[in-house]
Every structure is written in structure tokens, then in C-alpha cells.
Amino acid sequence: DHRDLHSFPTRRSSDLRALERQEFELHFQPQIDVATEAIIGAEILLRWHSPTDGTVSPLLFIPILEESGLIIPVGSWLIHHACRQIRAWLDQGLPRLEFSLNISALQFHRGYLVETVREALQRNRLEPELLCLEVTESLIMDDIEQTLSIMEQLVELGVSLSIDDFGTGYSSLSYLRRMPIHELKIDRSFIVNIPAEPNANALVDTILGMATCLNLRVVAEGVENQAQRDYLAAKRCDRIQGYYYAKPAPAEQFANLLRKIGRA
Ligand code: C2E
Ligand code: MG
Ligand code: MG
């Protein structure tokens with residue numbers, strides 16, 4: 001349940017000690033390989049269980065964390081925590097997946113992101129190929145030269161990069177060409193009207209065609225039904241993420257899903 005958008009920020013901004021109180025939790029949503037229908041990755045999504053407000057949507061609390069600068073320690077905690085979890089699962093014999101993390105603009109530009117990622121990978125003896133960092137178009141356009149430089153350092157480190165909510169922002173295609181990006185995520189707002197609406201289909205086809213030409217992987221977000229899945233499969237979209245397969249779930253539930261599938 002999403003609380004009142006207007007009263008929320010002022011009431012909460014001074015009271016975000018959630019990190020110390022361990023009110024944050026990671027949820028995991030599988031990404032499915034369209035060709036094989038296997039789970040090949042998962043997006044990690046932050047949840048906040050507030051003692052007073054219950055579970056608060058990241059669409060509400062992420063902007064507050066950004067404004068207050070708290071997104072930097074929270075984001076760094078998230079990267080370390082995620083890597084610890086991935087290491088634990090590998091040690092338990094769960095399959096190797098690629099995990100996607102959302103990186104906020106402030107964390108990207110001011111948060112010692114490269115150092116944090118490097119340290120989290122080293123500390124948990126993880127190969128960088130296991131991590132994919134999702135950034136948004138507006139983050140890229142904030143400061144293009146700095147974005148390019150940080151992206152190059154991240155790619156040097158071995159992690160891959162994805163543009164989240166692709167098509168909803170204002171990124172310039174000429175910069176896109178220069179960025180060391182591996183993946184585009186087609187925003188749910190494009191997926192929701194396929195295959196019934198020809199214009200929606202045309203946009204999805206265009207993004208897929210462009211990605212093929214630029215040699216980029218494509219993940220479709222927010223896939224909720226078989227008709228959408230079938231359309232995307234016919235158009236050779238690489239990966240699908242959405243309620244049709246699974247909702248984001250806490251670590252233990254996600255691990256159980258992997259174990260169940262592993263046995264099948
Ligand atoms: P996003 O990164 O684009 O994540 C996808 C959102 O779509 C998630 O919402 C996910 O639960 C939702 N979703 C996935 N499949 C479906 C579907 O089939 N139907 C519908 N209706 N929704 C679906 P969520 O978890 O509420 O996150 C919202 C946004 O908050 C994220 O959008 C991301 O921008 C931000 N966010 C979440 N976790 C983090 C984080 O750790 N760090 C940062 N910086 N931002 C985060
Ligand atoms: Mg995302
Ligand atoms: Mg998205």
C-alpha cells in the first residue's frame with residue numbers, strides 16, 4: 001500500500017535511521033532467458049519496512065534518500081549486502097546467475113561507486129560478471145563526460161551496465177553510441193499495451209531492432225501475461241522480467257524457487 005505522496009517526505013526525511021535499525025531488505029525478481037525459459041538472472045529491489053508506515057514503496061523512499069544524501073551509505077550497504085548474499089548462495093550450490101542492481105544518480109556521481117563495487121566483489125570473492133549495474137537515462141545526461149569515465153572504470157572492473165526504463169528519459173542516441181553499455185531494459189510502459197496496440201508494438205520493435213544493430217542485450221520489464229511474452233519471444237527479445245513469471249520476493253523465497261527449479 002502506497003502512502004500519501006505529499007505528507008510522506010516531510011514527515012520522514014529526518015527519521016531515516018532505517019539502515020541502523022535494519023529495516024531495509026533486498027527482494028529478488030527473476031529474469032528469464034526467452035529462448036530457454038531458464039532463470040538466468042535477477043534484479044535486486046530494495047524494500048523498506050518502516051515501523052510506522054509498514055512496507056514503503058521505493059518510488060517514495062528512494063527520492064528522499066537521494067535528497068538527503070543517505071542514498072550513498074544505503075546504496076553502498078546494498079552492494080555489499082547483495083554480494084554477501086550471492087556468495088552465500090554460490091556456497092550453497094545454487095546456480096550462478098547474473099544479478100542486477102539499481103544505481104542512483106548521486107551514488108553514481110558522488111558515491112565512490114567504482115571503489116565500493118570493487119571492494120564488495122573482492123571481499124566476497126565474486127567474479128565481476130555476476131553483477132550488472134542499472135542506470136537511468138537522466139543519470140547519464142547529468143554529466144556526460146563524468147558518466148563516460150565512471151562507466152569505463154566499471155567496465156574495466158568487469159561488471160556490465162544496463163540502461164533502465166529505456167525510452168522514458170531524454171538520453172541522446174549519439175551518446176548512447178559512445179557508452180560502454182551492454183543492455184537496455186524496455187520500460188513497462190511500452191510493454192503494457194503489446195500486442196493489442198500497433199503503436200506500442202512498433203516502439204518495442206524499434207527498440208529491439210536498434211539494440212540488435214548496436215549489439216545490446218534487451219530485457220523487457222513488466223511482462224504480465226502470455227500474449228506479451230509470446231510477442232516478445234517472436235521478436236527475439238533476449239530476456240523477460242515480470243509478474244508473468246514471478247514477483248520480487250525476499251531472499252529465502254527466491255532461493256527456494258531456484259532450488260525447486262533445480263530439482264525439476
Ligand atoms: P525499476 O528498477 O524499473 O524496477 C522495476 C519495477 O517494476 C519494480 O518496482 C518491480 O517490482 C516492478 N515490476 C516488475 N515486474 C512487474 C510487472 O509485471 N508488473 C508491474 N506492475 N510491476 C512490475 P519496485 O520494486 O517498486 O521499484 C520501483 C523503482 O524503485 C525501481 O524501478 C527503481 O527505479 C527503484 N529502486 C528499487 N530498488 C532500488 C535500489 O536498490 N536502488 C535504487 N537506486 N533504486 C531502486
Ligand atoms: Mg531497475
Ligand atoms: Mg525499470
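Assorted remarks:
- For Q31, nonlocal amide neighbours, meaning residues 5 or more places apart or on other chains whose placed amide H falls under 5 Å from its own, are I40, G41, A42, E43.
- Intensity falloff of region 192-264 expressed as log10 I(q)/I(0), Debye formula with alpha-carbon point scatterers, at q = 0.11, 0.17 Å⁻¹: -0.35, -0.71
- Test item: Cα-centred dipole of the chain, Lys/Arg +1 and Asp/Glu -1 on Cβ, debye: 680 debye
- Cross-link reach list, lysines versus K260, counting only Cα pairs under 17 Å and skipping chain neighbours closer than eight places: K247
- Accessible area expressed per residue, region 105-264, with surrounding protein chains retained (probe 1.4 Å, Å²): 50 Å²
- Region 57-195 - convex hull of alpha carbons, volume per residue in Å³: 129 Å³
- Just the protein heavy atoms count here, and of the accessible area of region 98-182 at 1.4 Å, carbon and sulfur take up 47 percent.
- The chain: radius of gyration over Cα atoms, expressed as a fraction of 2.2 N^0.38 Å: 1.00
- Under 5 Å from the amide H of L131 lie the amide H atoms of F99, S160, each residue being 5 or more positions distant or on a separate chain, with H modelled from the backbone and absent for Pro and chain starts.
- Each label was represented as a point 7 Å from its Cα along the Cα-to-Cβ direction; for A202 and D33 these points are 3.5 nm apart.
- Karplus-derived 3J(HN,Hα), 6.51/-1.76/1.60, for each residue of region 239-247, Hz, glycine and proline x: 9, 10, 9, x, 4, 3, 8, 6, 7
- When peptides 182-192, 123-133 are ranked by their average number of other Cβ atoms within 10 Å per residue, the highest-first order is 182-192, 123-133.
- For region 135-264, averaging the sequence separation of C-alpha pairs within contact (under 8 Å, six or more residues apart) and dividing by the residue count gives a relative contact order of 18 percent.
- Per the Debye formula on identical point scatterers at the alpha carbon atoms of region 16-91, with no solvent, log10 I(q)/I(0) at q = 0.15 Å⁻¹ is -0.60.
- Across all directions, the shadow cast by the convex hull of region 118-218 built on its C-alpha atoms averages 7.0 square nanometres.
- For region 192-242, size of Cβ-based charge dipole, Lys and Arg +1, Asp and Glu -1, in debye: 200 debye
- Contact order, relative form, for the chain: 19 percent (alpha carbon pairs under 8 Å, 6 or more residues apart, mean separation divided by residue count).
- From phi via Karplus (6.51, -1.76, 1.60), per-residue ³J(HN,Hα) for region 207-213 in Hz, x at Gly/Pro: 4, 5, x, 4, 4, 4, 5
- Farthest towards the positive end of the charge dipole of region 36-114, among the residues L70, G54, H80, is the Cα of H80, using unit charges on the Cβ of Lys, Arg, Asp and Glu.
The values are calculated or read from the model by the stated rules, or taken from the named source; none is laboratory data. As the structure is a computational prediction, the values presented were derived from the model and not from experiment. In this analysis, Cβ positions are derived from the backbone assuming ideal geometry, glycine residues included, and neighbour counts consider all displayed protein chains. We work out accessible area using only protein heavy atoms, side chains counted, and drop any ligands, DNA or RNA first. Shrake-Rupley method; radii C 1.70, N 1.55, O 1.52, S 1.80 Å.
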